[in-house]
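Step one of this worksheet: look at the structure below.
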Amino acid sequence: TCSGIVPMRYRNDKISITDFGGVGDGVTLNTKAFREAIYRIEHLKRRGGTLLYIPPGVYLTESFNLTSHMTLYLAKGAVIKATQDTRNWPLIAPLPSYGRGRELPGGRYSSFIHGDGIHDVVITGENGTIDGQGGVWWNMWRQRTLQFTRPNLIEFMNSKNIIISNVIFQNSPFWNIHPVYCSNVVVRYVTILAPYDSPNTDGVDPDSSSNVCIEDSYISTGDDLVAVKSGWDEYGIAYGRPSSGITIRRVRGSSPFAGIAIGSETSGGVENVLAEHINLYNMGVGIHIKTNIGRGGFIRNITVSDVYMEEVRRGIKIAGDVGDHPDDKYNQNALPVVKGITLKDIWGVQVQQAGVILGLKNSPFTGICLSNINLHGSPPWKCSDISGAAHLVSPLQCSELSGAQQ
């Protein structure tokens, strides 16, 4: 485990949402109660911070911001539920490494639970639920009536020393857990759920962040289970903040998209990623490393090992032609550099296609190492513009990886 990168905090000062008029009847709007409770934590500044207790019940609320030195604790049977009235949802500026909203130009809706520039924050409990009630947002996306980019369920920006554990996240409007420009973040013992056809409901997306640990969790959503990102084309290149030191361990789940993904937004660079002991079922792609011309940046020192996948459309995909662009101002000469990718000890059953590794003609992918991979009965690999080595790979990998060099 790497959970020790952030120590769990015990807080002597404890308050309950009911102390501030919170009503868990699923009907009363509790926005005022949440905002007043967090204002109290922020301004009274109790030594060691404060725990905000959410007792059993369904607490309907608009979005709210967290503060430093606090624990949001959901009791068993506690549900924090997002209002479906989107008219008053606050708008915030686009992320500088994206240059605009991820879906639409301009700003974006604030996440349901938001934190910017804070530290020493814990979201935990007895497997209570944070429910984004995303259906209303998914329908706006399908009907193309969105005005701005949909809200994430939880987003931390410019923050550090964050723990998210022992909570169920469901029905996020957009990405579920999004630490961006953060350091020292632990996500463990969480369950993340969204319908198979829910658009862009990624599980955990570390973005231009360092020392992030995702462990012992179950994720079943409509998009990538875990996707490591670092900014979008010219904006990500200019911002220049990589994602590094990302550990993903003992995660299982299903999705029509990828299990473990890197990209496609990698313009700030992604390095030193370890994913191990991953179990994937009913997936689009098991392991997907994706970038594009115009991204620039780098993807390097990536290790994925001890993966079991079953009923998967494509086992492994590493490609330089994936992902869209924020606008037409991106640099066509900004070629990503992909090197040092190790995939080992991977076992697949009912895999329709073993793998695709497609580098770029003017920036071949190097140091691609495959070892002890058995994707039973699937047709051969498809490869181009790559170099590396392979050992004990079935079905037979492409000729570019024919040697078994060290």
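Worth pointing out:
- Only one residue of VAL338, GLY315, ILE248 has its Cα farthest out toward the positive end of the dipole of the stretch 224-405, where Lys and Arg carry +1 and Asp and Glu -1 on Cβ, and that residue is ILE248.
- The chain: Rg to Rh, with Rh as the Kirkwood radius over Cα pairs: 0.99
- In summary, the stretch 244-323 shows an alpha-carbon radius of gyration equal to 1.06 times the 2.2 N^0.38 Å reference for compact globular proteins.
- Two-site FRET efficiency, LYS382 against LYS361, from Cβ-Cβ distance with R₀ of 25 Å, rounded to 0.05: 0.95
- Backbone geometry of the stretch 123-136 corresponds, through the Karplus equation with coefficients 6.51, -1.76 and 1.60 at θ = phi - 60°, to 3J(HN,Hα) couplings of 10, 7, x, 10, 6, x, 10, 10, 10, x, 6, x, x, 5 Hz, x marking Gly and Pro.
- Put the Cα centre of the stretch 345-383 next to the Cα centre of the stretch 104-144 and the gap is 35 Å.
- Label-to-label distance for MET140 and HIS325 is 2.9 nm, based on points extended 7 Å past Cα in the beta-carbon direction.
- The chain - Cys residues lacking any other Cys C-beta under 4.7 Å: CYS182, CYS369
- With all protein chains in place and ligands, DNA and RNA left out, the 1.4 Å accessible area ranks CYS213, CYS369 as CYS369, CYS213, largest first.
- Accessible surface ranking for SER384, SER198, 1.4 angstrom probe, highest first: SER384, SER198.
- The trypsin sites (Lys or Arg not before Pro) of the stretch 268-374 meeting both criteria, a DSSP state outside H, G, I, E and B (loop) and at most 11 other C-beta atoms within 10 angstrom of the site's C-beta, are LYS329, LYS361.
- In the calculated pair-distance distribution of the stretch 161-248, the portion above 14 angstrom amounts to 61 percent of the Cα-Cα pairs.
- Accessible surface ranking that places the most exposed of PHE257, PHE148, PHE112 first, with a 1.4 angstrom probe: PHE257, PHE148, PHE112
- FRET efficiency, 1/(1 + (r/R0)^6) with R0 41 Å, evaluated for GLN133 and GLU42 via beta carbons: 0.95
- Projecting the Cα positions of LEU146, ILE357, ILE92 onto the charge dipole of the chain (unit charges on Cβ atoms of Lys, Arg, Asp and Glu, taken about the Cα centre) puts ILE92 furthest along the positive direction.
- Paramagnetic reach from ASP306 (point 7 Å along Cα→Cβ, amide N under 12 Å) across the stretch 204-247: 216
- Bins of 5 Å, starting at 0 and running to the largest distance - Cα pair percent for the stretch 224-405: 2, 9, 19, 22, 21, 15, 8, 3, 1
- Axis of helix 31-44 versus longest Cα principal axis of the chain: the two differ by about 90°, to the nearest ten degrees.
- MET8 - accessible surface, heavy atoms, 1.4 Å probe, Å² rounded to 10: 110 Å²
- Cα centroid of the stretch 209-261 to Cα centroid of the stretch 50-85, whole Å: 25 Å
- Amide H contacts of ALA258 (H built 1.01 Å from N, under 5 Å, at least 5 apart or other chain): ASP224, LEU225, VAL285
- Dipole magnitude for the stretch 89-207: computed about the Cα centre from +1 point charges on Lys and Arg Cβ and -1 point charges on Asp and Glu Cβ, it is near 340 debye.
- Placing +1 on the Cβ of every Lys and Arg and -1 on the Cβ of every Asp and Glu, with nothing else charged, gives the stretch 224-405 a dipole about its Cα centre of roughly 240 debye.
The values are calculated or read from the model by the stated rules, or taken from the named source; none is laboratory data. Treat the numbers as computed from the prediction; the structure is a model and nothing was measured. Neighbour counts are summed over all protein chains in view; Cβ atoms, including those assigned to glycine, are modelled from backbone coordinates with ideal geometry. Remember, those area values only see protein heavy atoms, side chains included, never the ligands or the DNA or RNA. Shrake-Rupley method; radii C 1.70, N 1.55, O 1.52, S 1.80 Å.
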